[in-house]
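In what follows, a single structure is set out as structure tokens and then discussed.
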């Protein structure tokens, strides 16, 4: 009986072994971020941040001192030529002008009397009643009185001008860019109290290090971009470079004129002046795609058919912001891993997630 049960027992044992045999683990497909290598135009040069300013800016000041009575503008106010900016208390200047006119009236009376005396003494001299010396003294008195009238007339006009100087007006149309006074404040003659930027030409002021001055002067067509609208480039022209460096920063101030500004260019905006020439197209990848093996830069290249990665050595030509310029080792259109490069191994299958560039 035992030999007949041996085959059945053997089948049961083999069946139980098949149920307990371990299954093969699923493949490790790691999600990675990748980008396609593309060709882009390069610009070899420098960029300088600056501020948009008016070509002509005028600091306004009273020609006399005194206490500010009124202020008629604010920062950003548009003014026309001759428009009132501020006034000083004119009381003292009005009194001085009134006193000068009174002195002029008295001098004119004295001059008329001296002239009448001269005429009478001239008639007496013609009849030989007085000497020539006496007539000369009377003539000198009349001339001195006339000269005093002329002097006091000029002084009265000067006092009238002083009184008129208590009113500060805009010399030309423009925009008020700075106000440095308030009503009630006492200001001195010549103290800047406001600044008016004239309408018209706009320019960007930049600071340039001394080792870049030659390239700046040689640039024929600098480009200007506003930080508020970086997609648009404006043509520029170098207008002036300071002959002396700033003692604190050791940089040279330069002004680049905007040749054709539009309504988007406003005073005070931040702009970038690009100096350089366009170079040949180049290949570049994100710097995060690079890793080093034995000190040599490499990237993970993804096979588009098998989705497996392979390490490849590349030669770097330079760094530009967050990009690395590739001289050799890659071709346009290939896919390289840009994130997670230290968590994958050669031949590993990957899954691309949200490519950064195409």
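Odds and ends about this structure:
- For residue 134: the one exception among (1) surrounded by fewer than 16 Cβ atoms within 10 Å (Cβ to Cβ); (2) outside any helix (DSSP H, G or I); (3) touching a helix residue (DSSP H, G or I) at 6+ places or on another chain (Cβ under 8 Å): (2)
- Condition broken by residue 318, with the remaining ones in (1) closer than 30 Å to residue 232 by Cβ; (2) in contact (Cβ under 8 Å) with a residue 12 or more places away in the chain; (3) not assigned by TED's automatic domain parsing to the domain that holds residue 213 satisfied: (2)
- Selection within the range 275-304 - touching a strand residue (DSSP E or B) at 6+ places or on another chain (Cβ under 8 Å), surrounded by fewer than 16 Cβ atoms within 10 Å (Cβ to Cβ) and not in a strand (DSSP E or B): 287, 303, 304
- Filter pass, residue 142 being within 28 Å of residue 99 (Cα to Cα) and either in contact (Cβ under 8 Å) with a residue 24 or more places away in the chain or out of contact with any strand residue (DSSP E or B) (no Cβ under 7 Å at 6 or more places or on another chain) (or both): yes
- Note on the range 72-90: among residues that are assigned to a strand (DSSP E or B) and modelled with pLDDT under 95, the one that is nearest to residue 163 (Cα to Cα) is 79.
- Per the listing 272, 338, 249, the residue uniquely farther than 19 Å from residue 35 by Cβ, touching a residue at least 40 places away in the same chain (Cβ under 8 Å), outside any loop (DSSP other than H, G, I, E, B) and under 40 Å from the mean Cα position of the chain (by Cα) is 272.
- Just one of the listed residues (299, 353) is at pLDDT 85 or above and either farther than 25 Å from residue 232 by Cα or out of contact with any helix residue (DSSP H, G or I) (no Cβ under 7 Å at 6 or more places or on another chain) (or both), and it is 299.
- Complete set of residues in the range 163-182 that are in contact (Cβ under 8 Å) with a residue 40 or more places away in the chain, under 19 Å from residue 94 (Cβ atoms) and surrounded by fewer than 20 Cβ atoms within 10 Å (Cβ to Cβ): 165, 167, 169
- Look at (1) in a helix (DSSP H, G or I); (2) touching a residue at least 40 places away in the same chain (Cβ under 8 Å) and you find that residue 116 fails only one, number (2).
- Test result for residue 346, surrounded by fewer than 16 Cβ atoms within 10 Å (Cβ to Cβ) and either under 18 Å from residue 32 (Cβ atoms) or without any contact (Cβ under 8 Å) to a residue 40 or more places away in the chain (or both): yes
The values are calculated or read from the model by the stated rules, or taken from the named source; none is laboratory data. A quick note: this is a predicted structure, and the numbers were derived from the prediction, not measured. Counting neighbours? That spans all protein chains shown, and the Cβs are built from the backbone with ideal geometry, glycine included.
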